[in-house]
Structure formats: structure tokens, C-alpha cells
Amino acid sequence: MEGVLYKWTNYLSGWQPRWFLLCGGILSYYDSPEDAWKGCKGSIQMAVCEIQVHSVDNTRMDLIIPGEQYFYLKARSVAERQRWLVALGSAKACLTDSRTQKEKEFAENTENLKTKMSELRLYCDLLVQQVDKTKEVTTTGVSNSEEGIDVGTLLKSTCNTFLKTLEECMQIANAAFTSELLYRTPPGSPQLAMLKSSKMKHPVVPIHNSLERIWISPIISCNFLIFLELPKDGSSFIEELNIDLNKLGPTVFAPVKMDLVGNIKKVNQKYITNKEEFTTLQKIVLHEVEADVAQVRNSATEALLWLKRGLKFLKGFLTEVKNGEKDIQTALNNAYGKTLRQHHGWVVRGVFALALRAAPSYEDFVAALTIKEGDHQKEAFSIGMQRDLSLYLPAMEKQLAILDTLYEVHGLESDEVV
């Protein structure tokens, strides 16, 4: 609806005619229809304002957002005011009903999701207990095969229930929450920032070795550094990574381990498609940039992005340990807060929070790093661990700096949240 209404301006000018337009639940006003191209002089959202009819003047109506906005309006006749009241009231009612329904659905789905998350936490605790029970049965060499079968059956049943509940969580989340609500980014935005193809070439210095290597060449003036060393299929490296992370804590590092191993496999799968061309990580990334597939989900570029984020988390954790933090859970929390947390939505944060509860004690952690039992209690072990961390962490920092430079130069960083 549109038309002329008189609006109270101030005591000097009094009531002045203004052209009003009601569209999309918003009432806007202009000096005149001809001046609409200049933009509105003011507007008010009908869904949140109060409509008050003047008790004495039967041509006047007031639109008020308490403490914020006041529109004092007069129509040219009683009939015209009535038409405006019907239009404004209808707009407010439609918007309010729609908003109330959406809020109700959102609240119900949020509550359902919270219930499912609680079930997940329960099943996760049960899984941890049953895995411990299975390990106990295995290590003690119990001769009763029926007990072993029962434990295995119970573990399988709990796993199936856990996965089913997790699937229900994802169905509720996908059905109830838009990407804007979950990720705080506009719907339809690419998984990675849009990439600009770069024709600039950077020198790569090959290193001849009996092992095939993947490395990063320097983007800016810096020393050449080998980043990743893999045999032809990469399986040996992944197996060693699994062993190392299991030593740090098989439960607490499970999400990180799965993420790192999965991303390494994605990069390796890209590498084996053309080993002659993809001799460096830089070449893999630039190839995907030029082919305009770097922003595609599960691309090697995206995998490498998450791989470096996971490595930053591990580096942050080991830095906390090197600096003397004796509480492993605190060290993990600090590292997670500085690195991965900003890239995770509340669902993934909940998974990590649950995993961190299984953090080992400092005594168990350092004991897992020793070759011979009891070595961690010797003074020489602590000295050696500090020495190794002093060598390893700066080297890791250099590798991550090269990766950061690669992604910054080509605009590959992303604010995507998972």
C-alpha cells in the first residue's frame, strides 16, 4: 500500500505531508513519489512496532518501537486512516505469525538435537568402556570364548546405535538449520574462497634421492624445505602416523588422527594420478587453481588446508608440553582454542570436547613415548624430550609458514566452518 500521510516533524514545522510505502513488512517514507529515487528518509519494521490509535483525533495513529522509534502519523480522513490501519495490522500479523512459527520450530529442533547429543555422549562413554573391556579380555587371555563373543557383540551393538544416533543428529541439523545459522556465512558460498588463477611460476629445486618425495618450493625468498616424505603409495607413512598418534592417546586424538589421515590420503590420491607432474605440493595446488577445481569439496587443495590446520593443533599442543604444562587436558584445550576451534561449528566442538575428557595423565603420556618401561622417570628422558622438541617444533613452524605463504599468495584461505 502507498499514499500520502501527515507526519509530525517538530514543533517548528509541525505536521508535514510525506509519501509512505508499505512493502515487505517495512513502512518507508519519502518527501514525494518523485523523490523516491533519492532513497527513503526513514523506515520502521512492522513486526516489532506497536500500532496505537489516538483516543481523541480519529485521523491519527502512532507507530512505536519503545525506546527506539516513534512515527506520529495523520491521515486525511477517517476512512483513509482505517485503510492504513488494516494494511499495517495485516502486515504485522503475517510477519508475527510467521516469525512465531519459525521460532517454535527452531526451539523444538534445537531441543531434539540437544537430546540426541546427550544420547551420543552416553553411547560414546559406553563405547570407551566396552573397548577397554575388550582390550582387557584380549590381554588377559581369557579362555572362555563365550565371554569374548558377548563382549564383541555388545560392542558391535553399541557402535551401530552410536552411528544411527549420529545420523539422526545430522538429519535434524540438515532439516532444521540453514547454512547461515550453522556457519554464519551466506548460503551458497563456495567451500573455499574464489580463486584467482595465477600464471606466475616459482622455481623448484629437485632433490635426487632413492625415495620419492613430495616437497614445497619457496614462494618468497626462503630456504628450500622438504615438507612431506612418502613412499610410492604413502601407506607406510600413514601407518606410522597412526602409531604415533595412538601413543599420544588413542581416544583423545581419534578425531585429529582421522582428519589428518583422511587429508593425507586425499593429497596422495591426487599425487599418484600424475607423479611426473606433481613433484611438489605447490604444483598440485597450482594445478587445481588453474583448473578451477580448488574450491571443490574434497579437492587436494582443501585437504591440504585442513591438514595444515591439524598440524598447527599438534604443534600448539607440543609447544604447551615443552613450556612445562603438566595437565594434558589443559594443554589440548589451549592448543584447540588457538587453532582448530575457530574453524569448527558447535557440533564438531562438542565432539572434541567429549574426546578431550579421555586425555591421559602427564605420567601416562610421557610413559607412552618411551621405548623401555620406566625410562620416563629418569632425568635424562626429560632432557632428551626437551632437546627433541626444541629441534622439531621450529622445523615444523618453518613448514607451516611455507604452507601459509602458499595459501595467502593465492588467496586460498577460507573462513568456512564445519
Q | Test: Lys322 is closer than 30 Å to Asp388 by Cα, charged (D, E, K, R), surrounded by fewer than 19 Cβ atoms within 10 Å (Cβ to Cβ) and under 23 Å from the mean Cα position of the chain (by Cα) | A | no
Q.
Cβ-Cβ under 6 Å, sequence separation 6+ or interchain: first residue in region 51-64 and over 14 Å from Gln82 (Cα atoms), partner assigned to a loop (DSSP other than H, G, I, E, B). Which pairs?
A. Leu63/Cys49
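With the condition kept exactly as written, say whether any residue in region 48-61 is assigned to a helix (DSSP H, G or I) and not assigned by TED's automatic domain parsing to the domain that holds Ile172. Step through it out loud before you land on a result.
Keep residues of region 48-61 that are assigned to a helix (DSSP H, G or I), which gives 48.
Narrowing the set further to residues that are not assigned by TED's automatic domain parsing to the domain that holds Ile172 leaves 48.
Yes, that holds for at least one residue.
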Q | Matching residues, region 361-383, being surrounded by 14 or more Cβ atoms within 10 Å (Cβ to Cβ) and without any contact (Cβ under 8 Å) to a residue 60 or more places away in the chain | A | Tyr362, Val366, Ala367, Thr370, Asp375, His376, Phe381
Q: Name, by its number, the condition in (1) surrounded by 13 or more Cβ atoms within 10 Å (Cβ to Cβ); (2) outside the structural domain of Phe317 (by TED's automatic domain parsing); (3) of a type outside the set (Phe, Trp, Tyr) that does not hold for Asp415.
A: (1)
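Looking at Thr301, Thr330, which one is surrounded by fewer than 19 Cβ atoms within 10 Å (Cβ to Cβ) and in the same structural domain as Gln386 (by TED's automatic domain parsing)? Step through it out loud before you land on a result.
Working: Thr301 fails: surrounded by fewer than 19 Cβ atoms within 10 Å (Cβ to Cβ).
Sole residue among the options that is surrounded by fewer than 19 Cβ atoms within 10 Å (Cβ to Cβ) and in the same structural domain as Gln386 (by TED's automatic domain parsing): Thr330.
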Q.
Return the residues of region 1-31 that are farther than 18 Å from Trp84 by Cα and within 48 Å of the chain's Cα centre (by Cα); say none if nothing qualifies.
A. Asp31
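When you scan region 3-25, how many residues do you find that are outside any strand (DSSP E or B) and either outside the structural domain of Asn58 (by TED's automatic domain parsing) or loosely packed, with under 14 Cβ neighbours inside 10 Å (or both)?
Just the residues of region 3-25 that are outside any strand (DSSP E or B), to begin with: 11-13, 24-25.
Then drop every residue that is not either outside the structural domain of Asn58 (by TED's automatic domain parsing) or loosely packed, with under 14 Cβ neighbours inside 10 Å (or both), which leaves 11-13, 24.
The qualifying residues number 4.
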Q: Go over the candidates Gly350, Gly324 one by one and state the one that is of a type outside the set (Ser, Thr, Tyr) and part of a helix (DSSP H, G or I).
A: Gly350
Q.
Which numbered condition in (1) part of a strand (DSSP E or B); (2) under 41 Å from the mean Cα position of the chain (by Cα); (3) not aliphatic (A, V, I, L, M) is the only one that Cys40 fails?
A. (1)
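Has region 354-369 got any residue that is assigned to a helix (DSSP H, G or I), out of contact with any Lys or Arg (no Cβ under 8 Å at 6 or more places or on another chain) and within 30 Å of Thr110 (Cα to Cα)?
Keep residues of region 354-369 that are assigned to a helix (DSSP H, G or I), which gives 354-356, 362-368.
Next, from what is left, pick out any that are out of contact with any Lys or Arg (no Cβ under 8 Å at 6 or more places or on another chain): 355-356, 363-367.
Now restrict to residues that are within 30 Å of Thr110 (Cα to Cα): 355-356.
Checking region 354-369: at least one residue is assigned to a helix (DSSP H, G or I), out of contact with any Lys or Arg (no Cβ under 8 Å at 6 or more places or on another chain) and within 30 Å of Thr110 (Cα to Cα).
Please verify whether Ala294 is assigned to a helix (DSSP H, G or I) and either at pLDDT below 90 or over 30 Å from Leu391 (Cβ atoms) (or both), treating the condition exactly as stated.
On the way: assigned to a helix (DSSP H, G or I): no; either at pLDDT below 90 or over 30 Å from Leu391 (Cβ atoms) (or both): yes.
Judged against the criteria, Ala294 is not a match.
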Q: Could you check, for region 340-358, whether at least one of its residues is touching a Ser or Thr at 6+ places or on another chain (Cβ under 9 Å), buried (at least 17 other Cβ atoms within 10 Å of the Cβ) and at pLDDT below 85?
A: yes
Q) Does Gly89 qualify as being surrounded by fewer than 14 Cβ atoms within 10 Å (Cβ to Cβ), touching a residue at least 12 places away in the same chain (Cβ under 8 Å), among the small types (Gly, Ala, Ser) and not assigned by TED's automatic domain parsing to the domain that holds Trp19? A) yes
Q) Of the residues that sit in region 65-84 and are in a helix (DSSP H, G or I) and touching a residue at least 24 places away in the same chain (Cβ under 8 Å), which one is farthest from Met1 (Cα to Cα)? A) Glu80
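The values are calculated or read from the model by the stated rules, or taken from the named source; none is laboratory data. These numbers were taken from a predicted model, which means no experiment stands behind them. Every residue, glycine as well, gets a Cβ built from its backbone with ideal geometry; the counts of neighbours run over all protein chains shown.
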